[in-house]
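Just below is one structure, and these are the notes that go with it.
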Amino acid sequence: MSTRTDALTRREQILKEAARLFAERGFHGVGVDEIGAAVGISGPGLYRHFAGKDAMLAELLVGISGRLLDGGRRRVAEADGVPQDVLASLIDGHIDFALDDRPLITLHDRELDRLRDSDRKLVRQLQRQYVELWVDVVRRLHPDVPEGQARAAVHAVFGLLNSTPHLGSYGNGLPGRAAMEALLRKLAHGAFASLSG
């Protein structure tokens, strides 16, 4: 669950709606007027907050990669170094992302190549650091597992968790958010536990 309780700033509202619209119709299928209308301002009014759609896309994709890394580092620090606790906390944090930020997953999958080279490289750098946080914890839990296998397991679990946008909406035969969270947690822990087998 999101720990954020304060109201979204106008800039955050714009980014949230831009992510939703870009995920639904693609980056080129959405105009600034539509994004503005979604947050109750004129399209040109968006330019007080962003240089344009490209800047929104960059902030969304670089921003989520940075937030995942920062959150992962915080979770590692708060778990006092106990590998089982660290992994459980990392899994919970990524599940929250996968369930609460589904448009950003879709956006990353479809639109990462639209970023400027420097922004795309930054996203990849942040993602690699995030992966390495997980690999370190998995190797502490499973010291006999080769590094490459641990990294493959981390990527496989990310693939599992990040598949949530493909599930459709809750209620159409899918479990609700709490039940989905519990299912994803069980599957992720099971995947890592299988490294011992």
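Across the options V86, H166, I14, the greatest Cα extent toward the positive end of the charge dipole of the chain (unit charges at beta carbon of Lys, Arg, Asp, Glu) belongs to I14. Between E34 and V82, the modelled label-to-label distance comes to 4.9 nm, taking each label 7 Å out from Cα in the direction of the beta carbon. Relative to the longest principal axis of the Cα atoms of the chain, helix 10-25 runs at roughly 80 degrees. When the chain is described by a simple charge dipole with +1 on each Lys and Arg Cβ and -1 on each Asp and Glu Cβ, the residue from L115, V62, P175 located farthest towards its positive end is L115. Largest first and in whole Å, the equivalent-ellipsoid semi-axes of the chain read 32, 18, 15, each the square root of five times a Cα gyration tensor eigenvalue.
Angle between the Cα long axis of helix 53-78 and the longest principal axis of the chain, 0 to 90 degrees, nearest 10? Taking the Cα atoms of the chain, the angle to 53-78 is about 30 degrees. Between the helical axis of 102-111 and the longest alpha-carbon principal axis of the chain there is an angle of about 80 degrees.
Highest average first, the peptides 52-65, 70-83 ordered by how many other beta carbon atoms sit within 10 Å of their residues are 52-65, 70-83.
Summarising the amide proton neighbourhood of L174: residues at separation of 5 or more, or on other chains, whose placed amide H is nearer than 5 Å comprise an empty set. Within the accessible area of region 96-189, the carbon and sulfur atoms contribute 53%, probe 1.4 Å, all protein chains present. Suppose R0 equals 22 Å. What FRET efficiency, 1/(1 + (r/R0)^6) with r the Cβ-Cβ distance, do R74 and D136 give to the nearest 0.05? Between R74 and D136 the formula returns 0.90.
The values are calculated or read from the model by the stated rules, or taken from the named source; none is laboratory data. Not measured: the values here are computed from a predicted model. Cβ: placed from backbone, ideal geometry, glycine included. Neighbour counts: every protein chain shown. To get the accessible areas, we keep the full protein, side chains included, count just its heavy atoms, and leave off ligands, DNA and RNA. Shrake-Rupley method; radii C 1.70, N 1.55, O 1.52, S 1.80 Å.
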